[in-house]
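Values in this text are rule-based calculations from the coordinates and carry no lab data. In this text the structure is predicted, and so the values were computed from the model without any measurement. Positions of Cβ are backbone-derived with ideal geometry, glycine not excepted, and every protein chain shown enters the neighbour counts.
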Amino acid sequence: MSAAQQISRETSPLGDDSLLSHPLFGGGLPPLAEGYLAQAGQNYSADNLAEHYLGEAQKLAPNHFAVLIAFYRYYFYKGRLNEALAISNICMAKAAREKNFSTDWRAVEKNDAAFGDYDDVIARFFMFCLKGYAYLSLRLGDMAEGRAAIEKLLQLDAGDKINARLLLGIIERREDDDE
């Protein structure tokens, strides 16, 4: 069982094995690709080696959620924010295609999916990707883009289960400081 599957099993309120088989939790990932991802993590500090293993996993499962998430995390924690931003776009588009709604996050509507429902893992993944996109946009200095993404998050999930208001508060405090 992969680490993601173990964590999911421990934290899933349903304890549902069918949920664990979902690609977001590593389901369907070829074992060799899973091994490459593990090697990438173990060699995180050796950039060339970690990237080699990520690339090998990508060759075996080029569009698998686990591989995309691994690339995102690698780029994010390495401070390669532009590359992490690009991966967040790829992840949002993949989730949108799976849910059959617009791949342009700006055109996504509240009724396109159950964005506030914890059981709709793809919709939740889309929301987390959009939140990451908003955060990265802010970090890269594109305040208008970050704000637009946060406002979209709040439109899609008025209950703010993803805690987008936290990011909005950061923008508002920064704007207050600029005055």
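Among the trypsin sites (Lys or Arg not before Pro) within the stretch 91-140, not one is in coil by DSSP while having at most 11 neighbouring Cβ atoms inside 10 Å.
Sparse packing (at most 15 other Cβ atoms within 10 Å of the Cβ) combined with a DSSP loop state is found for the following GluC sites (Glu not before Pro) in the stretch 21-121: E109.
Applying 0.36 nm per residue to the separation of D104 and H52 and subtracting their alpha-carbon distance, the gain on full extension is 15.6 nm.
Pick out, in residue order, every one of the chymotrypsin sites (Phe, Trp or Tyr not before Pro) in the stretch 98-136 that is DSSP loop and has at most 13 other C-beta atoms within 10 Å; say none if there are none. Loop-located and lightly packed - Y118. Using only the C-alpha atoms, the convex hull of the stretch 16-145 corresponds to 108 Å³ per residue.
Cβ-Cβ distance of R165 and I90, R₀ of 30 Å, FRET efficiency by 1/(1 + (r/R0)^6): the value works out to about 0.70. Per residue, the convex hull spanned by the alpha carbons of the stretch 81-179 comes to 83 Å³.
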